[in-house]
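Asker: Would you mind keeping the following structure in view while I ask a few things?
FYI, it's all coordinate maths here, none of it is from the lab. All values reported here derive from a predicted model rather than from experimental measurement. Note that we place each Cβ from the backbone using ideal geometry, even for glycine, and neighbour counts take in every protein chain shown.
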Amino acid sequence: MSALMRKMVLKIGVALERFDDQISELTLPQFASRGRKLRIARPRRIVNPERIHIGDDVTLGPGCMLNPLRRYPGRTMHLDAGVESVDFDSRIEIGDRVSATGYLTIGAAASVVIEDDVLLASHIYIGDNLHGMARVDVPYKYQPLERVEPVRIGRGTWVGEHAVILPGVSVGEFAVIGANSVVTADVPPRTVVAGAPARPIRRWSESHGGWVRAETDV
């Protein structure tokens with residue numbers, strides 16, 4: 001490819017990226033509230049945006065799904081065996097300067113709150129509910145939700161690749177969630193957790209001026 005052709009291709013590529021950014025911006029739904037400089041890349045799935053609050057300077061990569069439930073099972077699902085839908089007063093709140101690489105899934109029946117300056121890697125699941133499994137004669141996806149308990153992720157936290165954060169979990173500020181972790185219990189502030197289920201492996205020590213093993217006595 002000649003230098004001139006390469007330059008033309010580069011200009012076209014830049015123009016297409018800008019056009020795609022404009023489409024992404026213009027096709028965003030009406031949220032309950034949204035701050036300045038919001039970018040949610042396509043493809044994306046945003047359900048019930050009127051229940052979603054987003055702060056300033058938020059960037060979410062492609063493949064994200066934000067799903068605050070109105071009811072479950074939904075009207076469009078096949079319902080039989082006497083299963084009734086339940087209404088929910090749900091909410092998703094994303095603070096200022098939150099960033100996610102992509103493929104972030106947030107499901108809320110109560111509330112999921114992500115505080116300011118949280119860093120999210122890719123393919124992360126955060127949910128404040130679980131599918132019911134009280135019966136074995138009805139498909140699980142039709143059964144009433146269980147363990148509907150709010151989730152909160154504290155300011156400045158870093159959540160690693162493919163992490164799962166389950167109902168009722170509160171993550172303290174400046175914590176670190178290791179890649180592939182399944183978080184089933186609260187995480188103290190300034191603590192590193194990893195594993196399935198996730199357990200503390202390091203914590204910040206003011207007296208040591210750095211990270212120490214979680215079991216260190218200081």
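Asker: Which order results if His208, His53 are arranged by neighbouring Cβ count within 10 Å, fewest first?
Answerer: So the residues, fewest neighbours to most, are His208, His53.
Asker: Most mobile of Val112, Val138, Val151 per a Gaussian network model of the chain (Cα springs, under 10 Å)?
Answerer: Ranking Val112, Val138, Val151 by mean-square fluctuation puts Val138 first.
Asker: Let me ask something additional. At 7 Å along the Cα-to-beta-carbon direction for both Ala41 and Glu25, put a label point, then send me their distance in nm to one decimal.
Answerer: With each label point 7 Å from Cα toward Cβ, the separation is 1.8 nm.
Asker: If you don't mind, there's one more thing I want to ask. Return the loop-located GluC sites (Glu not before Pro) in the range 61-161 (DSSP other than H, G, I, E, B) with at most 11 other Cβ atoms within 10 Å of their own Cβ; answer none if there are none.
Answerer: Glu84
Asker: How would you rank 41-50, 187-196, highest first, on the average number of other Cβ atoms within 10 Å across their residues?
Answerer: Put in order of decreasing packing, that is 187-196, 41-50.
Asker: How many nm separate the modelled label positions at Met65 and Arg18, each set 7 Å beyond the Cα in the direction of the Cβ?
Answerer: Using points 7 Å along Cα→Cβ, the separation is 3.5 nm.
Asker: Order by neighbour count: Tyr72, Tyr140, fewest other Cβ atoms within 10 Å first, most last.
Answerer: Ascending Cβ contact count within 10 Å gives the list Tyr140, Tyr72.
Asker: Now for a separate question. Give the percent of DSSP beta bridges with both residues in the chain that are antiparallel, rounded to the nearest 5.
Answerer: The antiparallel fraction comes to roughly 20 percent.
Asker: Rank these for me by crowding, Leu69, Leu119, going from fewest to most other beta carbons within 10 Å.
Answerer: Leu119, Leu69
Asker: Same structure, new question: So, R0 is 30 Å and r is the distance between the beta-carbons of Asp96 and Asn180; what FRET efficiency does that work out to, to 0.05?
Answerer: That gives a FRET efficiency of 0.60.
Asker: What spacing in nm lies between the two simple spin-label points modelled at Thr216 and Glu84, each 7 Å away from Cα in the Cβ direction?
Answerer: 5.6
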